[in-house]
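One structure is given here, and the rest of the page talks about it.
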Amino acid sequence: PELKDVLKLKYLNLNDIVGVKGLFKFQISEPGSIRELVPLNMGLVDLTLFDLPELKFIWKGPTNFLSLQMLDMIYVNGCPKLKTIFSPTIVRSLPMLKTLRISNCEELEHIFDSGDSEEFKCLYTCSQQVCFPNLEWIEVENCNKLKCLFYNFVAGHFPSLADLDIAD
């Protein structure tokens, strides 16, 4: 499919596919280019990743130009090799996120990758954009290698959170 068609996707459901190692991988084809990237606005509303035994990443590469302004629900289940869900920069583009469900991801260590600690620190101390104003429900189940739920977040980042479920 062409990029313009991918950007129009509203629902992405990947279920029981062997061999998928990553979902969104972006690469700048011109090394050393000083050209500014134009933000890609995806219309994605619902992302479901289910039984993807080889999945190692959801977002990879320079993600500061990817915008998921409409994404409402993320459900990740049965992705045993996945270590992180979000890169620090992707977090800025999730204002509509209401539901985050993660289960049966044996290698999951972080929901939010701390990656570049300076970038991550700046995101959460300097930016007014980093907030989850609509996030109502977080569920994490059977992700026993999870080191921490959220790194450097405060209650103000989740003003609508009504339900937080964590289980073995």
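Bear in mind that the values in this text are calculations on the coordinates, not laboratory data. All values derive from a computational prediction rather than experimental measurement. All Cβ positions, glycine included, derive from the backbone under ideal geometry; neighbour counts span all protein chains shown.
3J(HN,Hα) along the stretch 160-168, derived from phi through the Karplus expression 6.51 cos²θ - 1.76 cosθ + 1.60 where θ = phi - 60°, amounts to 9, 5, 10, 9, 10, 10, 10, 8, 6 Hz, with x in place of Gly and Pro. Other residues with beta-carbon under 10 Å from the beta-carbon of residue 99 carry, at +1 per Lys or Arg and -1 per Asp or Glu, a net charge of -3. Summing +1 for each Lys or Arg and -1 for each Asp or Glu among the other residues whose beta-carbon sits under 13 angstrom from that of residue 138 gives -3.
Computed from backbone phi with θ = phi - 60° and the Karplus coefficients 6.51, -1.76 and 1.60, the 3J(HN,Hα) list for the stretch 133-150 is x, 10, 5, 9, 9, 10, 10, 10, 9, 6, 10, 6, 9, 4, 7, 7, 6, 9 Hz; x is used for glycine and proline. For residue 56, the residues 5 or more places off, or on other chains, whose built amide H falls under 5 Å of its own are 22. Close amide H partners of residue 104, meaning residues 5 or more places away or on another chain with modelled amide H under 5 Å apart, are 78, 141, 142, 143.
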